[in-house]
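Colleague: For reference, the structure I am asking about is given below.
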Amino acid sequence: MAFYDDKRFILSHIRHSFITCDDTGLCEMVMLNESIQDRYADEEADDALVLKSLELETKSELSEAAQSYDIMSDMDLIGVRRRSNTAQRLERLKKEKKSQSKLQTYAWKPNPYPLSESEISELFPKKPLTQTVKPVVKAAEGLTTATKKSALSLLLEKCPDIPNNPFNEYARFDGRVSEAAPTKRITIYLTMLSSQQRQQPMEVVTQINARVDDLIGLICWQYTNEGKEPRLKASVSHYSLRIAEENGEVDPDFPSLNSKELVAKFGFPVLALVEKDEHDSNLLVTIFIDEVFSKIQVNNLQISLQELLELTMRKRRPSLIKGVSYKLEKRTEPGVSLDLKQTLADCNSLEFVLTPDQPPVDFGESRAANRFELDMSAMEAPLYRSYNVTAINKLGRTADVEMGISGDKIEITPMPNKGFFQWQPKAATVNDEDVVLCELLAHKLNTGKSTFKVVYWNGDEYKHWTFEAETSVTNEILKKLQFVMQMKTSLIRNEYFALKEHKSLKK
């Protein structure tokens, strides 16, 4: 055994004489990347020659600070030592030898002494096979035997021939077979049945995500499966759903449900399946107003001219003169006003002219002036303009804001308040497509101001702003917003009015 005081020599000896590597690689990093600080710069020259001859380290390594990695213990050292390959191979050979000892090998060779038939029958006796005898059933007539039929054959014989159901594609909306999906139970009265059978409604369970068109197909599918008479037509386009009373009577005041709407939108528990008449299909009535015309869609010919006039006034309100009453005339018979109590079927025409019910002399000048004013407003509607209005919150607190309106969006900018405890609204911006309604709420004669409301969609729900301004400013804002809303159609606006109409029907 030898003892060395020179650490550098021992380190060099280990590097050159042994393999400095392991599974983790930590030993190699410690032994090869270890740097020793040049603490022996003032030693004797013999030591420097030894360092140079052994090539322990380069000059750059001697100048670096010594640092080493922490040596981590391997998990194999804590547990059982890993066996060598020889031990594993010996154990595998031992297992193979043990398994081969249980096997016996026989060489297949032809028998030089063949067995006789008696010996073969003794070694391999034949066993009698027991055949199962099928029970027989004697028929009542002729006493002839017949084999017993299976339960499935009896059920197939009892089941009548089911006709091909043309509405099979709507069976997937049946809520009775879908346990996880939300469903809705609706009582359906079938108007095509006889008066006695009509008193027994059919209960249908449909999925919430089904549309009215799909619900009609599901009703027809269930009707056909139950084998009811008379048979239905092969398309759902021949039928519609109407609102009905508890006794099954169809309410004529309400139109049929829109076939493209979801069933979840309507909360009626009782409906009636009605076959569409050829004359009850959607009709287009043309209303001529000066140089322009409008197409009004009606459900049937039984609509009165008063209802048709209200639909026209509602659609063409911005282009009509305020405070003037109107009447309808046939296009083929100008100058002859029609009785508004008549129905569309009584007129035998689908083209009418809307004329003002006042002398034409006074009408000419006011009409021209109003037309010029409307044209100018329609041209200026997309241009940006700001208004100083007062915002009102739910608690009645007010704050001055600047309302900017353009053809793309509405901007609300709060004005600086002098008071410390005054309410300060937040700045907001809403696209014109998200604005669904603007209407006048109240008019104060003593102050000369008016209050109006703007309803908009914020992405999750419908909200509204309430403002107050001078009456002239309020009228200008409402007119500008109405022109902008007419120029830009919006699906959100259509859904809002459909929801509003649905709520009014529920009341």
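What follows is calculated from the coordinates using simple rules that are stated; it is not laboratory data. What you are looking at is a predicted structure, and each value in this text was computed from that prediction instead of being measured. Cβ coordinates were reconstructed from backbone atoms using ideal geometry, including for glycine residues, and neighbour counts include every protein chain displayed.
Colleague: For the pairs 158/184; 327/444; 184/233, note any where the Cα-Cα span goes beyond 28 Å.
Modeller: 158/184; 327/444
Colleague: Over region 168-275, what is the relative contact order in percent, taking alpha-carbon pairs closer than 8 angstrom and at least six residues apart?
Modeller: RCO, region 168-275: 33 percent.
Colleague: Something else now. What's the ranking of 488-500, 214-226 by average number of surrounding C-beta atoms within 10 Å, highest first?
Modeller: Packing proxy ranking, top to bottom: 214-226, 488-500.
Colleague: Pop a pseudo-label 7 angstrom from the Cα along the beta-carbon direction at both residue 197 and residue 384 and give the gap in nm to one decimal.
Modeller: Label at residue 197, label at residue 384, 6.9 nm between them.
Colleague: For region 417-507, what number results from the quotient of the Cα radius of gyration and 2.2 N^0.38 Å?
Modeller: Taking N as the residue count of region 417-507, the ratio is 1.26.
Colleague: What does the charge count around residue 446 come to, taking other residues whose C-beta lies under 15 Å from its C-beta (Lys +1, Arg +1, Asp -1, Glu -1)?
Modeller: Around residue 446, the charge tally is 0.
Colleague: Using the Kirkwood formula on the Cα atoms of region 174-234, what hydrodynamic radius do you get, in angstrom to one decimal?
Modeller: Over region 174-234, the inverse of the mean reciprocal pair distance is 12.4 Å.
Colleague: In which sequence would 462, 106 go, from the one with the fewest C-beta neighbours within 10 Å to the one with the most?
Modeller: With the fewest neighbours first, 462, 106 line up as 106, 462.
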